[in-house]
Amino acid sequence: MKFKTSIASTTPTLVYFNAPWCAPCKIMKPIFEQVALELGNSINFLSIDVELKKKIARRYNVKSVPAFILFKNGESIWRQLGVLQKDDIKHAIAQFI
């Protein structure tokens, strides 16, 4: 799913901003994937490599990674930086799904 289409959806989209050189991102990748498996179709999931998608990272003021932004109807409704536990991510976004 394309970035613009996904974030504009009425279904929330959790975007995971990361970089290949980022050690904390390597820790977060399997956690992000596990959350995606557990929540299934109730939410969209996108992973954005900030090295490849610099314009998107700049547009949403992502200056450090890992970063998570939850979008709904094209608006940012939740944002968090750093390494998070699976349950913390699920709890934070549960109010929006």
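The values are calculated or read from the model by the stated rules, or taken from the named source; none is laboratory data. Since the structure is predicted, the reported quantities are computational estimates derived from the model, not experimental observations. Methodologically, a virtual Cβ is constructed for each residue, glycine included, from the backbone with ideal geometry; neighbour enumeration extends over all protein chains shown. Note: areas computed on protein heavy atoms with side chains; ligands, DNA, RNA excluded. Shrake-Rupley method; radii C 1.70, N 1.55, O 1.52, S 1.80 Å.
So which residues in region 71-97 are under 19 Å from THR10 (Cα atoms), out of contact with any Lys or Arg (no Cβ under 8 Å at 6 or more places or on another chain) and in contact (Cβ under 8 Å) with a residue 60 or more places away in the chain?
Passing the criteria: PHE71, LYS72, ASN73, GLY74, ILE77, ILE93, ILE97.
Kindly establish whether LEU14 is closer than 14 Å to LYS86 by Cα and open to solvent by less than 10 Å² (accessible area, probe 1.4 Å). Spell out the reasoning first.
Details: closer than 14 Å to LYS86 by Cα: yes; open to solvent by less than 10 Å² (accessible area, probe 1.4 Å): yes.
Criteria met by LEU14.
When each of VAL83, VAL65, VAL35 is tested for being in contact with a Cys (Cβ under 6 Å, 6 or more places away or on another chain) and more than 18 Å from THR5 (Cα to Cα), the lone residue that passes is VAL65. For region 58-75, indicate whether the set of residues that are open to solvent by 30 Å² or more (accessible area, probe 1.4 Å), out of contact with any His (no Cβ under 7 Å at 6 or more places or on another chain), assigned to a helix (DSSP H, G or I) and at negative phi is non-empty. For region 58-75, residues open to solvent by 30 Å² or more (accessible area, probe 1.4 Å), out of contact with any His (no Cβ under 7 Å at 6 or more places or on another chain), assigned to a helix (DSSP H, G or I) and at negative phi: present.
When we screen LYS2, LYS26, LYS54 for residues that are under 22 Å from PHE96 (Cα atoms) and either touching a helix residue (DSSP H, G or I) at 6+ places or on another chain (Cβ under 9 Å) or open to solvent by 40 Å² or more (accessible area, probe 1.4 Å) (or both), the only hit is LYS2. Among residues of region 13-41 that are under 27 Å from ASN73 (Cα atoms) and at pLDDT 95 or above, those with a Cβ under 9 angstrom from a residue that is among the basic types (Lys, Arg) and assigned to a loop (DSSP other than H, G, I, E, B), sequence gap 6+ or separate chain, pair up as PHE17/LYS53.
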